[in-house]
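Chemist: Supplied in structure tokens, the structure appears directly below.
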Amino acid sequence: MMAWLAQHRHAVAAACARFAAAPLGTALNVLALGIALSLPVALLVLIDNLQKGAQHITAEPQLSLYMDLSATREQALEIGKRLASNAGVRGARLVPREQALQELKQNSGLADVIDTLPGNPLPDAYVIDPRDGSPPALAALRSQFAAMPHVAQVELDAAWARRLDAGLRLGRLIVAIITALLALALIAITFNTVRLQVLTQREEIEVAKLIGATDTYVRRPFLYYGALQGCAGALLGWLIVAGGVWLVNRNLAELSQVYASLFELQYPNHTEVIELVAGAIAVNWFGAFLSVGRHLTLVEPGRH
């Protein structure tokens with residue numbers, strides 16, 4: 001067991017020595033990996049934040065029925081009775097114009113402006129939950145309610161939330177495709193880097209094999225080199241994304257003061273960072289494995 005640990009410790013030290021032997025090349029490789037890895041991570045952070053924001057808004061379809069401004073409360077209550085007796089309505093809630101104005105003052109940050117208005121510009125409204133959320137049924141209910149007396153407008157709510165959810169699913173698919181393509185690019189980068197390492201140390205590998213070194217022993221430092229390069233690239237990618245989120249949040253803080261509403265992007269959590277690092281290590285390890293397995297056959301002792 002101690003011998004096995006010593007071999008791996010020696011392999012890690014050899015990999016680190018290869019990093020130190022070409023600091024500029026290593027830095028450029030890590031920078032390329034970090035930038036490549038930051039792209040899908042940044043997209044995922046954006047999608048996750050949009051999804052978390054959309055969770056506060058129901059995706060269940062609802063209808064909003066707005067009365068005429070000239071309609072009386074009795075006329076609004078009469079519409080409520082007709083809605084309650086409608087077979088396509090599961091529930092209907094009246095939002096009095098006074099309540100709507102009060103909520104607008106509390107949530108918009110424009111209370112001073114609203115207080116200067118000569119009267120209440122908002123109508124009585126009903127929030128309607130349909131029994132059937134299919135598009136044809138909703139369109140039929142919308143037409144039916146719009147034809148009622150003293151009804152000014154009927155709008156379908158939460159349709160945009162459903163479209164947003166579909167867009168987010170499409171976005172995740174696009175990110176998955178981009179991630180797969182970038183993984184192939186990382187494998188190619190690591191493959192070429194390790195190939196150059198193997199060919200550069202051709203004489204050293206030949207001598208090691210002549211004195212009895214196995215392919216596993218020779219291969220191990222290159223695998224650690226690829227894994228360490230992937231780890232460094234992943235950490236740099238996370239720092240790029242974290243820096244971008246920090247810069248965006250600074251500007252969002254200024255907007256929050258203007259619009260009196262707080263919103264900020266959330267950083268990747270620890271699990272996502274671990275997954276990023278583990279994935280980058282695995283991809284670069286695989287690229288190194290393919291490269292060293294392919295090119296070790298070219299440096300057999302006595303082969304030219």
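We did not get these values from a lab; they are worked out from the coordinates using the rules stated. Computed from a prediction, not measured in an experiment: that's the story for all the values here. Because the Cβ atoms are built from the backbone with ideal geometry, glycine has one as well, and the counts that use them run over all protein chains shown.
Chemist: Subtracting the Cα-Cα distance from 0.36 nm times the residue separation, let me have the gained length for Thr116 to Ala242 in nm, one decimal.
Modeler: Gain on stretching Thr116 to Ala242: 41.0 nm.
Chemist: Can I ask one more? Is any residue of region 192-235 close enough, with backbone N under 18 Å, to a label point placed 7 angstrom from the Cα of His8 along the Cα-Cβ axis, and if so, which?
Modeler: Zone members listed by number: 216-231.
Chemist: Given points 7 Å out from each Cα along the Cα-Cβ axis, report the Asp215 to Gln102 separation in nanometres with one decimal.
Modeler: 8.0
Chemist: What is the packing order of peptides 127-135, 274-282, taking the mean over residues of other C-beta atoms within 10 Å and listing the highest first?
Modeler: Highest to lowest by the protection proxy: 274-282, 127-135.
Chemist: Based on the Cβ-Cβ distance from Leu77 to Glu264, what FRET efficiency comes out when R0 is 51 Å, to the nearest 0.05?
Modeler: 0.75
Chemist: Can you give the FRET efficiency for Leu31 and Glu155, using 1/(1 + (r/R0)^6), R0 = 51 Å, r = Cβ-Cβ distance, to the nearest 0.05?
Modeler: FRET efficiency, Leu31 to Glu155: 0.50.
Chemist: While we're on this one: What FRET efficiency comes out for Ser64 versus Glu272 if R0 is 35 angstrom and r is the Cβ-Cβ distance? Round to the nearest 0.05.
Modeler: So, using R0 = 35 Å, E works out to roughly 0.40.
Chemist: Please state, rounded to one decimal and in Å, the Kirkwood hydrodynamic radius that region 62-157 gives when every pair of distinct Cα atoms enters the mean of 1/r.
Modeler: 14.1
Chemist: Right, here's the next one. Where does the charge balance sit around Pro268 when Lys and Arg score +1, Asp and Glu -1, over other residues with C-beta under 10 Å from its C-beta?
Modeler: -3
Chemist: Pop a pseudo-label 7 angstrom from the Cα along the beta-carbon direction at both Thr200 and Leu50 and give the gap in nm to one decimal.
Modeler: Distance between the two pseudo-spin positions: 4.2 nm.
Chemist: What value in Å³ per residue do you get for the convex hull of the alpha-carbon atoms in region 123-221?
Modeler: Hull volume normalised by residue count: 176 Å³.
Chemist: What percent do you get for the relative contact order of region 62-157 when only Cα pairs under 8 Å and 6+ apart count?
Modeler: Here the relative contact order equals 51 percent.
Chemist: Taking θ as phi - 60°, what are the ³J(HN,Hα) couplings along region 178-191 by the Karplus curve (6.51, -1.76, 1.60), each to the nearest whole Hz, with x for Gly and Pro?
Modeler: Coupling constants for region 178-191: 4, 4, 4, 5, 5, 4, 5, 5, 5, 4, 5, 4, 5, 4 Hz.
Chemist: Counting Lys +1, Arg +1, Asp -1, Glu -1, what net charge surrounds Val12 among other residues with beta carbon under 15 Å of its beta carbon?
Modeler: +4
Chemist: Once you list every other residue whose beta carbon is under 13 Å from the beta carbon of Gly293, what net charge do they have if Lys and Arg are +1 and Asp and Glu are -1?
Modeler: Summing Lys/Arg as +1 and Asp/Glu as -1 gives +3.
Chemist: If amide H atoms are built 1.01 Å from N in the plane of the peptide, which residues on other chains or at least 5 residues away come under 5 Å of the amide H of Asp124?
Modeler: Those qualifying (amide H under 5 Å, at least 5 residues apart or on another chain) are Met67, Arg97.
Chemist: For the modelled label position 7 Å from the Cα of Ala140 along Cα-to-Cβ, which residues of region 58-94 have backbone nitrogen atoms closer than 13 Å?
Modeler: 87-89
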